[in-house]
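Okay, structure first, notes after.
The values are calculated or read from the model by the stated rules, or taken from the named source; none is laboratory data. Quantities reported herein were computed from a predicted structural model and do not represent experimental measurements. In this analysis, Cβ positions are derived from the backbone assuming ideal geometry, glycine residues included, and neighbour counts consider all displayed protein chains. Remember, those area values only see protein heavy atoms, side chains included, never the ligands or the DNA or RNA. Shrake-Rupley method; radii C 1.70, N 1.55, O 1.52, S 1.80 Å.
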Amino acid sequence: VFFSKIKKAPLFLWVQDLWPDSLVATDAVKSDVIIGIVNVMVKWIYRESDLIFVQSKSFENSIASLESSCSEKIRYLPNWAEDIYDGDVKSADEGHCQLLPKNKFIIMFAGNLGVAQSLKTIVLAAAEVRHDPIHWVFLGDGRQKEWLENTVAAHGLQNNISILGRYPLEDMPSFFKLADVMLVTLKQDLVYAMTVPGKVQSYLKNAKPILSALDGAGAAVIDESEAGFNVSSEDFIGLARAASRMSRLSTEELGQMSVNAKNYYDKNFDVDVLLSQFEASARLQCGKIA
């Protein structure tokens, strides 16, 4: 805000998470005083921004209700995936192959291991299908990683779940190649129901079938794309059943989900199209200011 004033340049904001809603949803901050201060700060930032881009259409009403003066300057700009997820990898790295069991249906979660991801839902689902030839894989790190390791051990699921830790972004296509299905989950909360997790675009661009436990905007993407199966957030029984069902699909059925995923990504999240829309909005706004 300061630099936009001294440079007399327009200020554009791209909202990836709703604050202070996300702080409340993750229990990261419990003080009403701090949440109140953040709320005032966020409203001020919204007011001072010339354009507010949102990664989910569901954010529009939330921002407008928080600061009514912003309703006319909100624009939809979803996330896209890095080019590395184009799916050009022909085979997985041999070292990565050694980390996973053979002859099992691989369901892979890639990303942050935090409270928002509702990891308990995944562990309980894995426990429900522990006798099925399904193996669950976690790639990533976060403040819930130790909890996850302890919970997997407590449920005796070491033979059903692998926690591989963090790897460089460049390794992700190789790991994705090993997965039959990619997994995404979120905690049951209104703020998360308005969010489309960034990993969804990565999975779609990589043409991977998706298993998810999401509500709202994220669930809509999975359903509309016909790229996989979705159940409600925190529904571990439903997630277990969906996992079992996907593991029994034919190669052709999973292949069609892969095609659907890539087609949906190209239609809705192509970076060139999105940046063209962004530039058009930016030029128009700059013209108004001038």
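Quick one: in the stretch 101-136, which of the residues that are aliphatic (A, V, I, L, M) and closer than 15 Å to Asp171 by Cα is surrounded by the most Cβ atoms within 10 Å (Cβ to Cβ)?
Residue satisfying both the conditions and the ranking: Met108.
Of the numbered conditions (1) at pLDDT 95 or above; (2) assigned to a helix (DSSP H, G or I), Ala81 fails exactly one; give the number of that condition.
Just one mismatch for Ala81, condition (2).
Counting only residues that are surrounded by 21 or more Cβ atoms within 10 Å (Cβ to Cβ), give me the helices (runs of 4 or more DSSP H) lying completely in the stretch 174-290 with at least 1 of them.
190-193, 198-205, 216-225, 236-247, 251-268
Determine which member of the set Lys145, Lys90 is basic (Lys, Arg) and either closer than 18 Å to Met182 by Cβ or surrounded by fewer than 18 Cβ atoms within 10 Å (Cβ to Cβ) (or both).
Working: Lys145 fails: either closer than 18 Å to Met182 by Cβ or surrounded by fewer than 18 Cβ atoms within 10 Å (Cβ to Cβ) (or both).
From the options Lys145, Lys90, the qualifying one is Lys90.
Which of the residues spanning the stretch 16-70 are part of a helix (DSSP H, G or I), touching a residue at least 12 places away in the same chain (Cβ under 8 Å) and polar (S, T, N, Q)?
Across the stretch 16-70, the qualifying residues are Ser22, Asn39, Ser62, Ser69.
Out of (1) in contact with a helix residue (DSSP H, G or I) (Cβ under 9 Å, 6 or more places away or on another chain); (2) open to solvent by 90 Å² or more (accessible area, probe 1.4 Å); (3) of a type outside the set (A, V, I, L, M, F, W, C), the odd one out for Lys7 is which?
Condition (1) is where Lys7 drops out.
Do the conditions hold for Asp215, that is, is it more than 27 Å from Val54 (Cα to Cα), acidic (Asp, Glu) and touching a helix residue (DSSP H, G or I) at 6+ places or on another chain (Cβ under 8 Å)? Walk me through how you get there before you give the answer.
On the way: more than 27 Å from Val54 (Cα to Cα): no; acidic (Asp, Glu): yes; touching a helix residue (DSSP H, G or I) at 6+ places or on another chain (Cβ under 8 Å): yes.
Against the criterion (more than 27 Å from Val54 (Cα to Cα), acidic (Asp, Glu) and touching a helix residue (DSSP H, G or I) at 6+ places or on another chain (Cβ under 8 Å)), Asp215 does not qualify.
Taking helices (runs of 4 or more DSSP H) that fall entirely within the stretch 94-165, which contain at least 2 residues that are more than 19 Å from Ala243 (Cα to Cα)?
94-97, 145-154
Taking the stated definitions as given, is Gly114 under 23 Å from the mean Cα position of the chain (by Cα) and in contact (Cβ under 8 Å) with a residue 60 or more places away in the chain? Before you say what the answer is, go through the steps one by one.
Details: under 23 Å from the mean Cα position of the chain (by Cα): yes; in contact (Cβ under 8 Å) with a residue 60 or more places away in the chain: yes.
Taking the combined requirement at face value, the residue satisfies it.
Being farther than 23 Å from Gln16 by Cα, among the small types (Gly, Ala, Ser) and open to solvent by less than 10 Å² (accessible area, probe 1.4 Å): is that true of Ala153 here? Break it down into steps so the answer makes sense when it comes.
Numbers: farther than 23 Å from Gln16 by Cα: yes; among the small types (Gly, Ala, Ser): yes; open to solvent by less than 10 Å² (accessible area, probe 1.4 Å): no.
Considered against the rule, which asks whether it is farther than 23 Å from Gln16 by Cα, among the small types (Gly, Ala, Ser) and open to solvent by less than 10 Å² (accessible area, probe 1.4 Å), Ala153 comes out as no.
Please find, among Thr195, Thr185, the residue that is within 25 Å of Pro101 (Cα to Cα), among the hydroxyl-bearing types (Ser, Thr, Tyr) and within 12 Å of the chain's Cα centre (by Cα).
One residue alone meets the criteria, Thr185.
Given the criteria of a type outside the set (A, V, I, L, M, F, W, C) and either over 19 Å from Pro197 (Cβ atoms) or in contact with a strand residue (DSSP E or B) (Cβ under 6 Å, 6 or more places away or on another chain) (or both), does Lys104 qualify? Quick ask: steps written out before the conclusion?
On the way: of a type outside the set (A, V, I, L, M, F, W, C): yes; either over 19 Å from Pro197 (Cβ atoms) or in contact with a strand residue (DSSP E or B) (Cβ under 6 Å, 6 or more places away or on another chain) (or both): yes.
It is true that Lys104 is of a type outside the set (A, V, I, L, M, F, W, C) and either over 19 Å from Pro197 (Cβ atoms) or in contact with a strand residue (DSSP E or B) (Cβ under 6 Å, 6 or more places away or on another chain) (or both).
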